Structures are given as C-alpha cells and as structure tokens.
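The values are calculated or read from the model by the stated rules, or taken from the named source; none is laboratory data. Keep in mind the model is a prediction, meaning the values are calculated, not measured. Virtual Cβ from ideal backbone geometry, glycine too; neighbours counted across all protein chains shown. Accessible surface areas use protein heavy atoms only, side chains included; no ligands, DNA or RNA. Shrake-Rupley method; radii C 1.70, N 1.55, O 1.52, S 1.80 Å.
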Amino acid sequence: NMKEINCSVLGDCDDYQMSTLEEPIKSGDFLTYDDKYKGGTKTTQGMQASQKRIPAELSDEMTKRIQHLAGETFRVLSCHGVSRVDVMVDSKTDDIYVNEINTIPGSLSFYLWEASGIPFDKLMDRLVKLALKRQRQLDMKVRSYDQNIFSLGGGVKGAKGTKGVK
C-alpha cells in the first residue's frame, strides 16, 4: 500500500521553497532499482527517463502535507542548495514517512523545478547565488578559542641574542 512521492527543496535552512511533487511509477508492488534508475533507451537512461507522474496525483491537502514535511526535513538538517526529499505514503492510512533526503540529487531535480516554473538556467542562477550567500556568511563568522594561547607558557621570553645588550 506504499507509494513513493518526491519533493525537491531549494534555498537554505532559513529561506526555502518546495517544488511540485512527483510520483515515480512502479512496475510491480514496489518501486525497484530498475524502475527508478535503469529506465529509458540507449541515449536517455536513468531517473530522467524513468516513468513518473508530475505533478503527483494527490489531493491538495496531501500535497501540502508532503511539501511541508519535505521543507521541515530540509530545515532541521540545515541544508543549503537543492535537495530532494523522498517520502513513502501509506495509501490506506495516509501516513507519510520520510524515506531519505538526497542532498545532491541526480540532475539537481531540475525537472521538478521546471514543473514548478523555474527553468534550468534560473535554477543554476539561484544555486550560484545561494553558494555566494553561504560563503559570505562563513567569511563573517568570528572564531573564538577556549584557551588563551599566550598564557600557555613555553613562549619566547625576550629575543635571543639580546641578553645584556643595551
């Protein structure tokens, strides 16, 4: 009774947005490795060619619940950039379980962002801006040490060769 639903999240842990949801199509009772990663032809293989429903066929309420859970997963793990959160939904109980977060998702989940109105070039622009923002934040951090390195002793007690020099 389980189905996989995927949601991409873009931003940083303080300011992020969630994508349109996708539902990978399974060939049997479970979504297999072959279903997800070996689909397609000789020229188009992998997840990009795998069968999926975009947007996933879910109620608005379920869509919002999954997007919220994906965003909260991204936030509490202090993620930055783009990630894809994969959840499992029990179709009998509507319970949602976070299965995994892919912090470097294949193809950067660009197809979910395109379905959300953000074309690939704009996605790349956003990722570069996020990386620059994060670097600026890291550069501004003040580092403190719990030891006073000058009080540890063993340091130089005057300059060598200056004893007796006036």
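Taken over region 5-15, the residue count meeting the criterion of being on the phi < 0 side of the Ramachandran plot and buried (at least 19 other Cβ atoms within 10 Å of the Cβ) is 6. Cβ-Cβ distances below 7 Å connect the following pairs, each with a first residue in region 99-114 that is of a type in the set (Gly, Ala, Ser), a second residue that is surrounded by fewer than 17 Cβ atoms within 10 Å (Cβ to Cβ), and a separation of six or more residues or different chains: Gly106/Gly46; Ser107/Gln48.
Of all the numbered requirements in (1) among the polar types (S, T, N, Q); (2) over 18 Å from Asp15 (Cα atoms); (3) more than 11 Å from the chain's Cα centre (by Cα); (4) assigned to a helix (DSSP H, G or I), Ser109 misses one, and that requirement is (3). When region 74-85 is limited to residues that are in a helix (DSSP H, G or I) and either of a type in the set (Gly, Ala, Ser) or surrounded by fewer than 19 Cβ atoms within 10 Å (Cβ to Cβ) (or both), the one that is farthest from the chain's Cα centre (by Cα) turns out to be Val76. Checking each residue in region 54-64 for being within 17 Å of Arg84 (Cβ to Cβ) and either assigned to a helix (DSSP H, G or I) or modelled with pLDDT under 95 (or both) picks out only Thr63. Only residues that are small (Gly, Ala, Ser) and not in a helix (DSSP H, G or I) were counted across region 112-138, and they come to 2.
Under the condition of being touching a Phe, Trp or Tyr at 6+ places or on another chain (Cβ under 8 Å) and surrounded by 16 or more Cβ atoms within 10 Å (Cβ to Cβ), which residue from region 90-110 is nearest to Asp121 (Cα to Cα)? Ranking the qualifying residues of region 90-110, first place goes to Phe110. The residue that is modelled with the lowest pLDDT, among those in region 19-30 that are open to solvent by less than 60 Å² (accessible area, probe 1.4 Å) and either more than 13 Å from Val89 (Cα to Cα) or part of a helix (DSSP H, G or I) (or both), is Gly28.
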